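One structure is given below, encoded as structure tokens.
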Amino acid sequence: MKLYNSTAEIYIPDQKPVDEAIKRTTHMAIGAHQDDIEIMAYDGIIKCFNHPENFFFGVVVTNGSGSAREGDYATYTDEEMIQVRKVEQKKAAFLGEFGALALLDYASKEVKDSKNTIIENEIKKLLEAARPEVLYTHNLADKHDTHIGVTTKVIRALRQIKKENRPKKVYGCEVWRDLDWMIDSEKVRLNVSGHPNLAASLIEVFDSQIAGGKRYDLATMGRRLANATYSESHAVDQENYVTFAMDLTPLIEDDNLDMITYVTSYIDRFNRDVKERIGKML
Ligand SMILES: [Zn+2]
């Protein structure tokens with residue numbers, strides 16, 4: 001497996017040969033930044049953790065050079081920051097027993113360039129090599145443009161792959177905007193209650209981000225707890241932590257389904273739900 005950027009790399013925590021390690025993938029996540037996968041795709045990580053047949057493949061598209069830096073990291077150059085974030089992501093992959101980790105090392109502006117087909121082609125190559133059953137990526141109602149840039153490229157890449165080789169499920173997950181607003185019956189509920197110690201460690205290991213003044217460790221666990229607690233349909237004592245996802249699978253079942261139309265239809269139904277609930281009381 002040869003990656004496009006000379007600085008890109010593939011890390012295999014158990015040191016299996018790269019092609020073999022990628023081929024065993026069952027669950028895959030493609031995220032924009034170092035730590036996005038641990039925040040949004042913990043469901044996939046625990047489905048593979050300590051499992052004899054399931055293997056998780058994490059793909060990080062950007063180099064993380066634009067990240068905020070404070071405290072110990074305040075004086076770090078972009079280049080030093082890239083190195084720190086790579087090491088942190090590898091620590092997470094090791095802790096989470098990933099089957100493989102690919103650090104593609106693109107600049108954020110390349111991801112946000114709608115005409116960039118290099119990234120799309122590389123994602124296609126990785127998807128074809130891994131052939132995951134389940135794929136996690138950013139949700140298309142996220143408010144971070146780099147996240148949206150990743151997901152549109154992922155969908156376009158998937159649409160170039162033969163239908164029989166596509167994942168069975170594609171989930172758009174929560175990072176920079178949660179999905180609590182979706183109609184309950186349309187939410188994909190991912191029970192991420194397992195191994196709470198691992199869940200916390202996988203976020204805490206990104207010290208450069210947390211030391212930068214953002215308590216992603218507390219916020220991520222807090223959102224999962226809130227999702228479980230404020231959910232109507234399941235007993236909280238069975239699901240202590242929940243992440244929500246938007247099912248993006250219809251976008252790869254029908255290649256002509258417009259991404260904007262698909263996502264805004266969820267917003268339309270949310271709009272209708274709010275109006276109906278108020279209307280009944282007037
Ligand atoms: Zn991100």
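The values are calculated or read from the model by the stated rules, or taken from the named source; none is laboratory data. Everything quoted here is computed from the prediction, not taken from an experiment. Note that each Cβ is placed from the backbone with ideal geometry, even for glycine, and that neighbours are counted across all protein chains shown. With ligands, DNA and RNA removed, areas are computed over all heavy atoms of the protein, side chains included. Shrake-Rupley method; radii C 1.70, N 1.55, O 1.52, S 1.80 Å.
Cut-off 10 angstrom, C-alpha nodes, Gaussian network model of the chain. Which of H195, H27, H138 fluctuates the most? Highest fluctuation among the options: H195.
Positive contributions from Lys and Arg (+1) and negative ones from Asp and Glu (-1), summed over other residues with Cβ under 9 Å from the Cβ of E253, come out at 0. Between 0 and 90 degrees, rounded to the nearest ten: what's the tilt of helix 78-95 against the longest Cα principal axis of the chain? With both axes taken from Cα atoms, the answer is about 70 degrees. Coupling constants for the stretch 171-187 follow from the phi torsions by the Karplus curve (6.51 cos²θ - 1.76 cosθ + 1.60, θ = phi - 60°), and in residue order they are 10, x, 10, 8, 9, 8, 1, 8, 10, 4, 5, 5, 4, 3, 5, 9, 6 Hz; glycine and proline get x.
Of I30, I278, I148, the order by accessible heavy-atom surface (1.4 Å probe, DNA, RNA and ligands excluded), from most exposed downward, is I278, I148, I30. Annotation: per residue accessible area for the stretch 1-151 equals 42 Å², rounded to a whole number [probe 1.4 Å, protein chains only]. The charge dipole of the stretch 125-165, taken about the Cα centre with unit charges on the Cβ atoms of Lys, Arg (+1) and Asp, Glu (-1), comes to about 180 debye, rounded to the nearest 20. For W176, W181, the ranking by accessible surface with the largest value first comes to W176, W181, using a 1.4 Å probe.
With a Förster radius of 30 Å applied to the beta-carbon distance between T75 and N5, the computed FRET efficiency rounds to 0.70. Of the trypsin sites (Lys or Arg not before Pro) in the stretch 1-39, the ones in a loop by DSSP (not H, G, I, E or B) with at most 11 other beta carbons within 10 Å are K2.
With axes computed from alpha carbons, what is the tilt in degrees of helix 118-130 against the longest principal axis of the chain, rounded to the nearest 10 within 0 to 90? With rounding to tens, the tilt is 90 degrees.
Computed from Cα positions, the angle between helix 145-159 and the longest principal axis of the chain comes to roughly 90 degrees. Accessible area per residue was computed with a 1.4 Å probe on protein heavy atoms; T77 scores about 70 Å². Normalised radius of gyration (Cα atoms, divided by 2.2 N^0.38 Å) for the chain: 0.98.
Taking other residues whose beta carbon is less than 13 angstrom from the beta carbon of V192, and scoring Lys, Arg as +1 and Asp, Glu as -1, yields 0.
Cα centroids of the stretch 109-145 and the stretch 194-221: 24 Å apart.
Residues of the stretch 181-217 with amide nitrogen under 14 Å from the 7 Å Cα-to-Cβ point of N240? Inside the label zone: 192-201. For the chain, the share of DSSP beta bridges that are antiparallel, to the nearest 5, is 40%. Placing R277, R224 in order of accessible area, with the largest value first and a 1.4 Å probe, yields R277, R224. Note on the stretch 1-126: with charges restricted to the Cβ of Lys and Arg (+1) and Asp and Glu (-1), its dipole about the Cα centre is near 380 debye.
Each of S208, A41, P196 was scored by the projection of its Cα onto the charge dipole of the chain, and the greatest displacement toward the positive side belongs to A41; charges sit on the C-beta of Lys, Arg, Asp and Glu. Placing a pseudo-label 7 Å from each Cα along the Cα-to-Cβ vector at M259 and E128 gives an inter-label distance of 2.0 nm. Taking only protein heavy atoms and a 1.4 Å probe, the accessible area of the stretch 36-167 is 48% carbon and sulfur. A simple spin-label model places pseudo-atoms 7 Å from Cα toward Cβ; at Y230 and V18 they are separated by 4.4 nm. Between K168 and A219, the contour length at 0.36 nm per residue exceeds the alpha carbon distance by 15.3 nm.
Taking the Cα atoms of the stretch 1-155, the ratio Rg/Rh between the radius of gyration and the Kirkwood radius comes to 0.95.
Dipole magnitude for the stretch 149-231: computed about the Cα centre from +1 point charges on Lys and Arg Cβ and -1 point charges on Asp and Glu Cβ, it is near 620 debye.
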